[in-house]
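Inspection log for the structure reproduced underneath, given as structure tokens.
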Amino acid sequence: MAFTPLDRQATVPGDTSVVAAATSHEKARVLEQLLAAHPELVEEAEGLVSALLLSATADATADEVADQLGSLGFEDLASRAGRIPGRGYIHETDAAWELLEEALEPFLADMRRHANLGFVESAASIASGAITGLGRLRRAPDGQLIAFAGDDTIDTLTETVLDLADELELAEATGKV
């Protein structure tokens, strides 16, 4: 998933630990250095990461998809539509689609990553959750960007998820999606 402001400022009030104050990116670099210096920890780290990847749930993904795509509003559209230097005129509907596709892409990337690592059950859970989350947006209020993108928006985005699930053969491997 994309970095959030919380990733940049991870300090806990009253906590003076340098590790607690490090950003997610800094912690990742430290982990890489620790594993390089202590290869005996690699197997344990692999197990922890595997458990984390296997913990992907459809419900959590549905919540995230609905939140991410549902939080896009007309103010987001304003910076992407109209006359854009270097791109020309961008119609509002085209800009809305770009924003929605960009917001969905991290979930598609997670599906690919989980499937490529052999975690097809969790990839299928992500796919199922993404479809459920998109379905929740069918009742999007007028102030949300998704309501502006067109009547077939949810169906088209759902088809994108299903196409990737087919490409990754998730239904064949898990019997669901």
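Values quoted throughout were computed directly from the atomic coordinates according to the rules given, and no laboratory measurement underlies them. All figures in this text were calculated on a predicted structure; none of them were measured in a lab. With ideal geometry, Cβ positions are generated from the backbone for all residues, glycine too; neighbour counts draw on all protein chains shown.
Summary of computed values
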| quantity | calculated |
| --- | --- |
| Highest-MSF residue in the chain out of Gly73, Gly129, Gly150 [GNM, Cα springs under 10 Å] | Gly150 |
| Contour excess over end-to-end distance, with Cα ends at Ser79 and Asp67 and 0.36 nm allotted per residue | 2.3 nm |
| Cα pair distances of the range 53-174 binned at 10 Å [whole percent] | 14, 43, 27, 14, 2 |
| Neighbour count of at most 13 Cβ within 10 Å plus DSSP loop: longest trypsin sites (Lys or Arg not before Pro)-free window in the chain | 88-175 |
| Cleavage-rule hits, GluC sites (Glu not before Pro), the range 81-177, DSSP coil, Cβ neighbours within 10 Å at most 15 | Glu169 |
| Selected from Leu48, Leu31, Leu162, residue furthest toward positive end of dipole (the chain; charges at beta carbon) | Leu31 |
| Pairwise FRET efficiency - Arg112 versus Arg136, Cβ, R0 = 25 Å, nearest 0.05 | 0.60 |
| Calculated [θ] (222 nm, deg cm²/dmol) that DSSP helices of n ≥ 4 give over the chain, each run adding -39,500 (n - 2.57) | -20000 deg cm²/dmol |
| Gaussian network model of the chain, Cα within-10 Å springs - most flexible of Ile154, Ile146, Ile90 | Ile90 |
| Leu53 versus Glu102: modelled label distance in nm, points set 7 Å from Cα along the beta carbon direction | 2.8 |
